[in-house]
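Written out below as structure tokens is the structure these notes cover.
Values quoted throughout were computed directly from the atomic coordinates according to the rules given, and no laboratory measurement underlies them. What you see is a predicted model; the values in this text were computed from it and never measured. With ideal geometry, Cβ positions are generated from the backbone for all residues, glycine too; neighbour counts draw on all protein chains shown.
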Amino acid sequence: MSEPIIELKGISKSFGHNKVLDNIDLQIYRGEALGIIGPSGTGKSTILRIIAGLMEPDSGEVYIEGMKREGLIEDGGDTVGIGMVFQQAALFDSLTVEENVGFLLYQHSRLPRARVRDLVNEKLEMVGLPGTGDLYPSALSGGMRKRVSFARAIMSNPDNPKQGTEVLLYDEPTAGLDPIASTVIEDLIRHLQSIQGACSTYAIVTHQDSTIRRTADRIVFLYQGIVQWQGQVNEIDSTNHALIQQFMSGNVSGPIQVVG
């Protein structure tokens, strides 16, 4: 297999006395769709934040295209653009859709406003929201806000390759959506992977069965801060691994401890 585009080696992270990640090794390969699953509170979102460079681990190393990362994303050392789609979309309520999607370019480029507007409209077309640039987030449904956050995450500066996204990180992108809206988002995630100018590599954290099956190719299962199992998504129904069987069936009896 080729060298991973992103690799975590021996990553550990604690919050107070709670050890969330315990010596994690994880790889993301170019062009793959990696699903990170497991019970709540097992460090899945923490892994995404460490990959994104928003949080430093207590120990261990992060490699981007084989080069060890020093510091956080703001230190500007990564050779790969990494975008993140947060669970609650995290849009700026006081800004229009256009201003949200074009935020990176408005703040950190010298592109003319008309050019930024064209790029924003291009990304909104990609996510199926043409003509929404003048709206505010309060006028959008939950699913539409998610799609706006996707458009913002894939925004790039054509004059500066470093201001672009090669890897997308999705943190529970279908959380809180009804089944139909979830299907729209799942289809969009796959669609963005396939089109030029979007993003062909991603990691997705999710609990939802349909999202796991429809958006992931390879699965990493986390429990108690440790990678307990990994394999292809089509193996989750045939494996005899007790943790996977319990998690996917939703059974309260099994090795996964049910809190409360």
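Taking (1) closer than 30 Å to Phe15 by Cβ; (2) touching a residue at least 60 places away in the same chain (Cβ under 8 Å) in turn, Ile236 satisfies each apart from (2).
Screening Ser210 against (1) more than 16 Å from the chain's Cα centre (by Cα); (2) of a type outside the set (Val, Ile, Thr); (3) part of a loop (DSSP other than H, G, I, E, B) leaves a single unmet condition, (3).
Filter the stretch 198-226 down to residues that are in contact with a strand residue (DSSP E or B) (Cβ under 6 Å, 6 or more places away or on another chain) and among the aliphatic types (A, V, I, L, M) and give me whichever is surrounded by the most Cβ atoms within 10 Å (Cβ to Cβ).
Narrowing the stretch 198-226 to residues in contact with a strand residue (DSSP E or B) (Cβ under 6 Å, 6 or more places away or on another chain): 199, 201-205, 212, 215-221, 225-226.
Now restrict to residues that are among the aliphatic types (A, V, I, L, M): 203-205, 212, 216, 219-220, 226.
Numbers: Ala203: 27, Ile204: 25, Val205: 24, Ile212: 20, Ala216: 23, Ile219: 22, Val220: 23, Ile226: 14.
Top of the filtered list is Ala203.
Among residues of the stretch 25-42 being within 14 Å of the chain's Cα centre (by Cα) and either crowded, with 23+ Cβ neighbours inside 10 Å or among the hydrophobic types (A, V, I, L, M, F, W, C) (or both), the one that is nearest to Gln245 (Cα to Cα) is Ile37.
Residues of the stretch 101-138 being of a type in the set (Ser, Thr, Tyr) and either under 19 Å from Ala89 (Cβ atoms) or free of Cβ contacts under 8 Å to residues at least 24 places away in the same chain (or both), which ones?
The first filter runs over the stretch 101-138 and keeps only residues of a type in the set (Ser, Thr, Tyr), leaving 106, 109, 132, 136, 138.
The answer is Tyr106, Thr132, Tyr136, Ser138.
Does the stretch 185-192 contain at least one residue that is in contact with a Gly (Cβ under 6 Å, 6 or more places away or on another chain) and touching a residue at least 40 places away in the same chain (Cβ under 8 Å)? No, the stretch 185-192 has no match at all.
For residues that are part of a helix (DSSP H, G or I) and buried (at least 16 other Cβ atoms within 10 Å of the Cβ), scanning just the stretch 227-244, find the one that is nearest to the chain's Cα centre (by Cα).
Of the residues in the stretch 227-244, the ones part of a helix (DSSP H, G or I) are 233-235, 242-244.
Filter again for buried (at least 16 other Cβ atoms within 10 Å of the Cβ), leaving 233, 243-244.
Numbers: Val233: 17, Leu243: 24, Ile244: 22 Å.
Checking each candidate, the answer is Val233.
Sub-6 Å Cβ pairs linking a first residue in the stretch 47-72 that is closer than 18 Å to Tyr29 by Cα to a second residue that is basic (Lys, Arg), at least 6 apart or interchain, are Glu61/Lys9; Glu61/Lys68; Val62/Arg69, ordered by first then second residue. If you go through the stretch 215-260 and keep only what is of a type outside the set (A, V, I, L, M, F, W, C) and closer than 17 Å to Ser40 by Cβ, you end up with Tyr223, Gln224, Gly225, Gln228, Gln246, Ser249, Gly250, Asn251, Gly254, Pro255, Gln257, Gly260.
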